[in-house]
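All remarks here apply to the structure that follows.
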Amino acid sequence: MFQRLVNFWVQTFVTERLLASPTFHRIAAKTHQHVSSLTEKGSKHANEFSKAFKENLEKESKNYRK
């Protein structure tokens, strides 16, 4: 019980300190930008792969019919 209480107060203190820190907000913003950039690049590559895969399937289908 005492350990839970201490843990709660420590977490509250750390959270409040991080929320008040401009440095933490800058790091969070940069991390968000980086992750968003990677996600955007990943979806672009996935779309390109899907398009190439579909084209390849259509091509192979035409070759198979001959």
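The values are calculated or read from the model by the stated rules, or taken from the named source; none is laboratory data. Here the structure is a predicted model, which means the values were calculated and not measured. So basically every Cβ, Gly included, is an ideal-geometry build from the backbone, and we count neighbours across all protein chains shown.
Suppose we keep only residues that are of a type in the set (D, E, K, R) and exposed (fewer than 10 other Cβ atoms within 10 Å of the Cβ) within region 41-66. Which one would you say is modelled with the lowest pLDDT? Within region 41-66, the match that is modelled with the lowest pLDDT is Lys66. Being of a type in the set (A, V, I, L, M, F, W, C), more than 22 Å from the chain's Cα centre (by Cα) and in a helix (DSSP H, G or I) is the filter here; which residues of region 17-66 pass it? Within region 17-66, Ala52, Phe53, Leu57 qualify. Those residues that are surrounded by 10 or more Cβ atoms within 10 Å (Cβ to Cβ) and not hydrophobic (A, V, I, L, M, F, W, C), I need them from region 10-31; list them, please. Passing the criteria: Gln11, Thr12, Thr15, Glu16, Arg17, Ser21, His25, Arg26, Lys30, Thr31.
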